[in-house]
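Enquirer: For reference, the structure I am asking about is given below.
The values are calculated or read from the model by the stated rules, or taken from the named source; none is laboratory data. The shown structure was predicted, so the numbers you read here are calculated from the model rather than taken from an experiment. All Cβ positions, glycine included, derive from the backbone under ideal geometry; neighbour counts span all protein chains shown. Protein only, heavy atoms only, side chains kept; ligands, DNA and RNA dropped before computing areas. Shrake-Rupley method; radii C 1.70, N 1.55, O 1.52, S 1.80 Å.
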Amino acid sequence: MPYERPSVRITPPGPRAKEVIERHRKFVATTTHDPEFLPLVIERGEGVWLIDVDGNVYLDFTSAIAASNLGYPTHPEVAKAVEEQLKVLAHAAGTDFFNPYQVALAEKLASIAPGDFGKKVFFCNSGTESVEAAIKISRFSTGRKYFIAFIGAFHGRTMGSLSLTASKPVHKRRFFPTMPGVVHVPYPNPYRNPWNIDGYEHPDELVNRVIEYIEYWVMSHFVPPEEVAAIVFEPMQGEGGYVVPPKNFFIELRKLANRYGILLVDDEVQMGMGRTGKMFAIEHFGIAPDIITLAKSLGGGAIPIGATIFRESLDMESGAHSNTFGGHALACVAALKAVEVTEKLLPNVAKLEPLFRERLSEFKEKYECVGDVRGLGLAWGIEFVKDRKTKEHDVKTRNRVLYEALKRGLALLGCGKSAIRIIPPLVIDEERAKIGLDILEEAIKASI
Ligand SMILES: Cc1ncc(COP(=O)(O)O)c(C=O)c1O
């Protein structure tokens, strides 16, 4: 462990950080940075530590948005595999010529993905592309046009996946029309749902309401169920606020989908790859989806890669969908090693889960502004509210907590309207986890 504790000697943004931010603003196109609350300019990373351009050392509770699950700069086993593969083959048109590297990764993903049936894998470079492939596979294989997705969902920003996304208006403003035929329905959010059901106390009631909404209000009024290609969901909503649905929701959703021959598309781009303590978050919920999308941490934080795993019976005709870098040899080798390393880290995630659950639940007891705490494994959300009864979002406090934490050496990211996501690299140990949680508590105290 190269560092024991965070060390912030120059309040961020320091002089070098300010200079980079200024140049960035001049030359780098619109992204999602918020220099007011998160003026973090990262120069390098080591394990669970991020070092900024002014020499400050931060403990990372972001995993680079769940992409660097194996820590920084790259897990040594993944780095070694990449170095060796670089001497052999990086790219050789994996879509037009065959290579053993993509075959090995596809075999591995097919073997570990839930579902006792034959599977195939489509390779691409990002999350949004893996979702685009899922859309095309669903349409091609079923001949149906409609999709059902959930309010609060994030599935990407290209025009197909954007049509499924429904977490913030800024993603959609000025871009309409996107792909037609997508209908959004409420996600079974136990804390905040249209029926004001306390989904922690009454999970079955919440699940029934959502299923009834889809089947009665949507399907028996305006969307013919026999024309729905797929229902697309996140097993735990990510960008929408790290929301965990009731345990039996997906079992009921599976039954509904089966009644009408509808496919289930499980977007694991953010929650997959061990983040929740299982390789695929849907494994907590006891169903096998027809299609699974992966990206982010699939490449071990070293190489960008996306994948769409699907029932082999859904395959499209040759040439129907492709991309230049799909099946990139180097990316596939990195991903295969990343999957193997992640499998070894699952016990660490399971071991640390109670620490996060207990400590964050304590925050909820102690601080009025903490309205809800939810999560699985090392994927936790903490939502800030102005008033526990009205549940009015407290964006100001959330943003202040982000900055107060950063000043104290803890990197965090927001999500949802007024939540913070807590997603340390899966390689974190108990002591570092405790240090991070202590800083988070100090930041909350300093913000209220
Ligand atoms: C669940 C989910 N799906 C898809 C995406 C899009 O991934 P990418 O940014 O790699 O296109 C994201 C990104 O945050 C995501 O969280």
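Enquirer: Yes or no: the range 336-353 includes at least one residue that is aliphatic (A, V, I, L, M), assigned to a loop (DSSP other than H, G, I, E, B), open to solvent by less than 10 Å² (accessible area, probe 1.4 Å) and within 16 Å of the ligand (Cβ to nearest atom). Show your work before the answer.
Expert: Our first condition is that a residue be aliphatic (A, V, I, L, M); within the range 336-353, this holds for 336, 338-339, 341, 345-346, 349-350, 352.
This time we only want the ones that are assigned to a loop (DSSP other than H, G, I, E, B), so: none.
No, there is no match, as no residue in the range 336-353 is aliphatic (A, V, I, L, M), assigned to a loop (DSSP other than H, G, I, E, B), open to solvent by less than 10 Å² (accessible area, probe 1.4 Å) and within 16 Å of the ligand (Cβ to nearest atom).
Enquirer: So, Thr324, is that one polar (S, T, N, Q) and buried (at least 20 other Cβ atoms within 10 Å of the Cβ) or not?
Expert: On the way: polar (S, T, N, Q): yes; buried (at least 20 other Cβ atoms within 10 Å of the Cβ): no.
So Thr324 fails the test.
Enquirer: Of the residues in the range 5-17, how many are within 28 Å of the chain's Cα centre (by Cα) and loosely packed, with under 15 Cβ neighbours inside 10 Å? Can you show your working first?
Expert: First, pick out the residues of the range 5-17 that are within 28 Å of the chain's Cα centre (by Cα): 5-6, 12-13, 17.
In the following step, the residues that additionally are loosely packed, with under 15 Cβ neighbours inside 10 Å were identified as 5.
So the count comes out to 1.
Enquirer: Quick check on my filter: what residues within the range 191-210 are under 22 Å from Ser167 (Cβ atoms), surrounded by 14 or more Cβ atoms within 10 Å (Cβ to Cβ) and of a type outside the set (D, E, K, R)?
Expert: Of everything in the range 191-210, those that are under 22 Å from Ser167 (Cβ atoms), surrounded by 14 or more Cβ atoms within 10 Å (Cβ to Cβ) and of a type outside the set (D, E, K, R) turn out to be Tyr191, Asn193, Ile197, Gly199, Leu206, Val207, Val210.
Enquirer: Would you point out which residue out of Ala90, Ala106, Ala79 is outside any strand (DSSP E or B), open to solvent by less than 50 Å² (accessible area, probe 1.4 Å) and more than 26 Å from Thr276 (Cα to Cα)?
Expert: Residue meeting the stated conditions: Ala90.
Enquirer: Output the number of the condition that Gly94 fails; it satisfies all remaining conditions of (1) in contact with a Cys (Cβ under 8 Å, 6 or more places away or on another chain); (2) farther than 21 Å from Gly306 by Cβ.
Expert: Answer for Gly94: the failing condition is (2).
Enquirer: Which of the numbered conditions does Ser141 fail, given that it passes all the others? Conditions: (1) away from the ligand (no atom under 16 Å from the Cβ); (2) over 28 Å from Pro186 (Cβ atoms); (3) open to solvent by 30 Å² or more (accessible area, probe 1.4 Å).
Expert: The single condition Ser141 does not satisfy is (2).
Enquirer: Here is a further query. Hey, among the residues in the range 146-159 that are under 24 Å from Glu226 (Cα atoms) and open to solvent by 10 Å² or more (accessible area, probe 1.4 Å), which one's farthest from the ligand (Cβ to nearest atom)?
Expert: Tyr146
Enquirer: Moving to a separate point now. With Phe249, Phe222 as the choices, which residue is more than 23 Å from Thr276 (Cα to Cα), of a type in the set (Phe, Trp, Tyr), more than 12 Å from the ligand (Cβ to nearest atom) and not assigned by TED's automatic domain parsing to the domain that holds Leu376? Walk me through it before giving the result.
Expert: Numbers: Phe249 fails: more than 23 Å from Thr276 (Cα to Cα).
Phe222 is the lone residue from the list that is more than 23 Å from Thr276 (Cα to Cα), of a type in the set (Phe, Trp, Tyr), more than 12 Å from the ligand (Cβ to nearest atom) and not assigned by TED's automatic domain parsing to the domain that holds Leu376.
Enquirer: Mind listing whichever residues of the range 29-55 are without any contact (Cβ under 8 Å) to a residue 12 or more places away in the chain, over 20 Å from the mean Cα position of the chain (by Cα) and surrounded by fewer than 13 Cβ atoms within 10 Å (Cβ to Cβ)?
Expert: Ala29, Thr30
Enquirer: Continuing with the same structure: Out of the range 272-320, which residues are outside any loop (DSSP other than H, G, I, E, B), surrounded by fewer than 24 Cβ atoms within 10 Å (Cβ to Cβ) and not basic (Lys, Arg)? Can you show your working first?
Expert: Of all residues in the range 272-320, those outside any loop (DSSP other than H, G, I, E, B) come to 281-284, 291-294, 296-299, 306-314.
Of the ones still in play, those that are also surrounded by fewer than 24 Cβ atoms within 10 Å (Cβ to Cβ) are 283-284, 311-314.
Correct list: Glu283, His284, Glu312, Ser313, Leu314.
Enquirer: Could you tell me which numbered condition Asp438 fails, if it satisfies all but one of (1) touching a residue at least 24 places away in the same chain (Cβ under 8 Å); (2) outside any loop (DSSP other than H, G, I, E, B)?
Expert: The failed condition is (1).
Enquirer: How many residues does the range 252-271 contain that are away from the ligand (no atom under 16 Å from the Cβ) and open to solvent by 10 Å² or more (accessible area, probe 1.4 Å)? Steps first, answer last, please.
Expert: Quick first cut of the range 252-271, residues away from the ligand (no atom under 16 Å from the Cβ) only: 252-263.
Adding the requirement that they be open to solvent by 10 Å² or more (accessible area, probe 1.4 Å) leaves 252, 254-255, 258-261, 263.
Summing the residues that are away from the ligand (no atom under 16 Å from the Cβ) and open to solvent by 10 Å² or more (accessible area, probe 1.4 Å) in the range 252-271 gives 8.
Enquirer: Taking the range 391-404 on its own, how many of its residues are open to solvent by less than 20 Å² (accessible area, probe 1.4 Å), of a type in the set (A, V, I, L, M, F, W, C) and over 21 Å from Tyr72 (Cβ atoms)?
Expert: Residues in the range 391-404 being open to solvent by less than 20 Å² (accessible area, probe 1.4 Å), of a type in the set (A, V, I, L, M, F, W, C) and over 21 Å from Tyr72 (Cβ atoms): 1 in total.
Each row is one residue, and each column tells you yes or no for (1) at pLDDT below 95; (2) among the aromatic types (Phe, Trp, Tyr); (3) over 28 Å from Ile151 (Cα atoms); (4) open to solvent by 10 Å² or more (accessible area, probe 1.4 Å).
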site	(1), (2), (3), (4)
Ile382	no, no, no, no
Lys389	no, no, no, yes
Leu406	no, no, yes, no
Leu413	no, no, no, yes
Ser418	no, no, no, no
Leu426	no, no, yes, no
Glu431	no, no, yes, yes
Lys434	no, no, yes, yes
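Enquirer: Let me ask something else. For the range 188-198, check the following and say yes or no: at least one residue is within 16 Å of the ligand (Cβ to nearest atom) and within 24 Å of Phe280 (Cα to Cα). Steps first, please.
Expert: Applying the first criterion (within 16 Å of the ligand (Cβ to nearest atom)) to the range 188-198 yields 189.
From the residues that got through so far, the ones that are within 24 Å of Phe280 (Cα to Cα) too are 189.
Scanning the range 188-198 turns up at least one residue that is within 16 Å of the ligand (Cβ to nearest atom) and within 24 Å of Phe280 (Cα to Cα).
Enquirer: Take the residues of the range 56-67 that are open to solvent by less than 40 Å² (accessible area, probe 1.4 Å), of a type in the set (A, V, I, L, M) and within 16 Å of the ligand (Cβ to nearest atom): which is farthest from the chain's Cα centre (by Cα)?
Expert: Here is the first cut: in the range 56-67, the ones open to solvent by less than 40 Å² (accessible area, probe 1.4 Å) are 56-63, 66-67.
Next, only the ones that are of a type in the set (A, V, I, L, M) stay: 57, 59, 66-67.
Still in the running and within 16 Å of the ligand (Cβ to nearest atom): 66-67.
Numbers: Ala66: 6, Ala67: 8 Å.
Looking at residues that are open to solvent by less than 40 Å² (accessible area, probe 1.4 Å), of a type in the set (A, V, I, L, M) and within 16 Å of the ligand (Cβ to nearest atom), I get Ala67.
Enquirer: Something else about it: What number of residues within the range 174-216 satisfy the criterion of being of a type in the set (Phe, Trp, Tyr) and in contact (Cβ under 8 Å) with a residue 24 or more places away in the chain?
Expert: If we filter the range 174-216 for residues that are of a type in the set (Phe, Trp, Tyr), which is where we start, we get 175-176, 187, 191, 195, 200, 213, 216.
Filter again for in contact (Cβ under 8 Å) with a residue 24 or more places away in the chain, leaving 187, 191, 213.
Result for the range 174-216: 3.
Enquirer: Ok, one more. Please specify each residue of the range 109-138 satisfying the condition of being surrounded by fewer than 20 Cβ atoms within 10 Å (Cβ to Cβ) and more than 16 Å from the ligand (Cβ to nearest atom).
Expert: Correct list: Ala110, Ser111, Ile112, Pro114, Gly115, Asp116, Phe117, Gly118, Lys120.
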